[in-house]
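Participant: What follows is a single structure, and I will ask about it in a moment.
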Amino acid sequence: MKTALITGVTGQDGAYLAELLLSKGYMVHGIKRRSSLFNTQRIDHIYEDPHIENQHFKLHYGDLSDSTNLIRIIQETQPDEIYNLGAMSHVKVSFDTPEYTANADGIGTLRILEAVRLLGLTKKTKIYQASTSELYGLVQEVPQKETTPFYPRSPYAVAKMYAYWITVNYREAYDMFACNGILFNHESPLRGETFVTRKITRGIAQMALGLQDSLFMGNIDAKRDWGHAKDYVEAMWLILQQDKPEDFVISTGVTTTVRDFIIMAFKEVGVELEFKGEGVDEVGIVKSISNSEFEFKVGQKVIQIDPTYFRPTEVDLLIGDNTKAKTKLGWSPKYTLEMLVKEMMAADVDLFKKEKLIKNFN
Ligand code: NDP
Ligand code: GDR
């Protein structure tokens, strides 16, 4: 039985990856942070009581800012594969917490690599580093591929750039099986609530049920290459199953504006949306309604712009060339953006129907 260790197991990708590895018969260890409230909602369905025999899924308290803790967990678990997914992953928040972001996202990766080296596991343990399309930042070339120069545009991306290169350096210096997956944005119903796609699907679901009147957005001209997290964790696993350690772009190859994502999501609840005005005065208005189940009104101003959500430096356009992943990994995405939007909207409408019931009951 192979053993995997996942940092960031309580996050969106950690949850899908843990599920995938368990389905493949792995013993899965996950590192979770201590928090004052439970933070394991995404993995509660695969939780195993530590008292049972033959446990396949085990959680360890830890943090990427604590080397001693990482060394101890890696020594105890002796993993065949480490997936370093833990990170302060919010680009906008990284402008507010730049030093912490550098520590967790940048030096945290070094700590993992060093722990493996110090413990003499360089020949046993393969390492996956969660690199990101944010490395491309200011557009140098489209579509972006493995050889496109980086130009990071946020403290998050700069920290991830350090993590990218330290992974490459340890691979070359110590002959380690350490790889970067340069993943473009990927989403799901498990996506954190403040990332743009989830903010939109949650906001629309709440408006549909009369729990909120409108939604304030930032830069809706930004273009992203959005895939489904379920497809992307499959690619992470494939990257570590290759004969040679290499870095891969994982993307769909399709780019869409935030504005068009909003229009698609509204369609799912029977609303035709039109945008009027420009810049911070742009608004999204309900043009017509084809589903009387929901509480929208024709003419309702459902989208407004709030500059608070603008970033000091923005990444305008991301679109990935996944040719290398297709050719060498045999990977291609199964989900289209339409399928992703449908799934996310349906999940959030369900969620808020339940919340409304509870609210009305109380
Ligand atoms: P999430 O924000 O959903 O999850 C991040 C995880 O990291 C959580 O489990 C979080 O714990 C944990 N974490 C945060 N800080 C620390 C720390 N100091 N020590 C240990 N764990 C920590 O991110 P995603 O699942 O979306 O992304 C996974 C990884 O992939 C991240 O590294 C992200 O930067 C990267 N990435 C994501 C992309 C995407 O589109 N989703 C695209 C490209 C890269 P807690 O639950 O306690 O907060
Ligand atoms: P991103 O994701 O920064 O690409 O990083 P996010 O969903 O936060 O933003 C995408 C784009 O939407 C614009 N935007 C808004 N964003 C948020 N969060 N909230 C808003 O109200 C809003 N309005 C417009 C943003 O300006 C941006 O252009 C994600 C994270 O998962 C990273 O960890 C990962 O590395 C990259 O994807 C690839």
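The values are calculated or read from the model by the stated rules, or taken from the named source; none is laboratory data. All figures in this text were calculated on a predicted structure; none of them were measured in a lab. With ideal geometry, Cβ positions are generated from the backbone for all residues, glycine too; neighbour counts draw on all protein chains shown. Please note that ligands, DNA and RNA were not included when accessible areas were found on the heavy atoms of the full protein model with its side chains. Shrake-Rupley method; radii C 1.70, N 1.55, O 1.52, S 1.80 Å.
Participant: Roughly how far apart, in whole Å, are the Cα centres of the range 318-356 and the range 155-234?
Facilitator: 12 Å
Participant: What's the ranking of 31-39, 14-22 by average number of surrounding C-beta atoms within 10 Å, highest first?
Facilitator: Top of the packing list down: 14-22, 31-39.
Participant: Here is a follow-up. Expressed in nm to one decimal, what extension gain is obtained for the pair Phe95 and Ser288 from 0.36 nm per residue of sequence separation less their Cα-Cα distance?
Facilitator: Gain on stretching Phe95 to Ser288: 65.6 nm.
Participant: Another question, then. Work out Dmax and Rg for the range 1-141 from the C-alpha atoms and quote the Rg first, both in angstrom.
Facilitator: That works out to 15.4, 53 Å for Rg and Dmax.
Participant: If the cut-off is a Cα-Cα distance under 25 Å, which lysines reach Lys58, setting aside same-chain residues fewer than 8 apart in sequence?
Facilitator: The reachable lysines, counting only those whose Cα sits under 25 Å from Lys58, are Lys2, Lys24, Lys32, Lys123, Lys124, Lys126, Lys230.
Participant: Carbon and sulfur: what percent of the range 84-161's accessible surface (1.4 Å probe)?
Facilitator: 58 percent
Participant: Relative to the longest principal axis of the chain, what angle (0 to 90°, nearest 10) does the C-alpha long axis of helix 67-77 take?
Facilitator: Between helix and principal axis, roughly 70 degrees.
Participant: Sticking with this one: Relative contact order of the chain: what whole-number percent is it, with Cα pairs under 8 angstrom and at least 6 residues apart?
Facilitator: So the answer I get is 16 percent.
Participant: What is the list of residues in the range 301-317 whose amide nitrogen lies under 20 Å from a point 7 angstrom out from the Cα of Thr194, following Cα to Cβ?
Facilitator: Zone members listed by number: 304-315.
Participant: I would also like to ask the following. Highest mean first, how do 83-95, 52-64 rank when packing is the count of other Cβ atoms within 10 Å averaged over residues?
Facilitator: 83-95, 52-64
Participant: If you add up the charges near Gly253, with Lys and Arg at +1 and Asp and Glu at -1, over every other residue whose beta carbon is less than 9 angstrom from its beta carbon, what do you get?
Facilitator: Taking every Cβ under 9 Å from that of Gly253, the sum is -2.
Participant: Something else: Express in whole angstrom the spacing between the alpha-carbon centres of the range 124-153 and the range 11-86.
Facilitator: Comparing the Cα centres of the range 124-153 and the range 11-86, I get a distance of 26 Å.
Participant: Any idea how far apart Ile52 and Leu22 come out in nm if each label point goes 7 Å out from Cα toward Cβ?
Facilitator: Taking the simple label geometry, Ile52 and Leu22 are separated by 0.8 nm.
Participant: Charges only on Cβ, +1 for Lys and Arg, -1 for Asp and Glu: so what's the dipole of the range 115-270 about the Cα centre, in debye to the nearest 20?
Facilitator: My answer is approximately 340 debye.
Participant: Taking only Cα atoms, what is the 0 to 90° angle, nearest 10, from helix 337-361's long axis to the longest principal axis of the chain?
Facilitator: 70 degrees
Participant: Where does the charge balance sit around Ser131 when Lys and Arg score +1, Asp and Glu -1, over other residues with C-beta under 11 Å from its C-beta?
Facilitator: Its environment carries a net charge of -3.
Participant: Sequence gap at least 6, Cα distance under 8 Å: using those rules, report the relative contact order of the range 224-288 to the nearest whole percent.
Facilitator: This gives 25 percent for the range 224-288.
Participant: Here's something else I'd like to know. Return the distance in nm (one decimal) between the two label points of a simple spin-label model at Lys267 and Phe38, each offset 7 Å from Cα along Cα→Cβ.
Facilitator: Going by the 7 Å Cα→Cβ label model, 3.8 nm.
Participant: How high is the FRET efficiency between Tyr162 and His45 when r is their beta carbon distance and R₀ equals 45 Å, given to the nearest 0.05?
Facilitator: 0.80
Participant: Around Thr122, under 12 Å between beta carbons, what's the net of Lys plus Arg minus Asp minus Glu among the other residues?
Facilitator: +3
Participant: On to the next question. Please compute the per residue accessible area over the range 80-210 with all protein chains in place, 1.4 Å probe, rounded to a whole number of Å².
Facilitator: 35 Å²
Participant: So, one more: Once you keep just the Cα pairs under 8 angstrom separated by 6 or more residues, what percentage relative contact order results for the range 236-352?
Facilitator: That works out to 29 percent.
Participant: Given a cut-off of 32 Å, what percent of all Cα-Cα pairs of the chain lie beyond it?
Facilitator: 34 percent
Participant: So what's the angle, to the nearest 10 degrees on a 0 to 90 scale, between helix 229-240 and the longest Cα principal axis of the chain?
Facilitator: For helix 229-240, the angle is close to 20 degrees.
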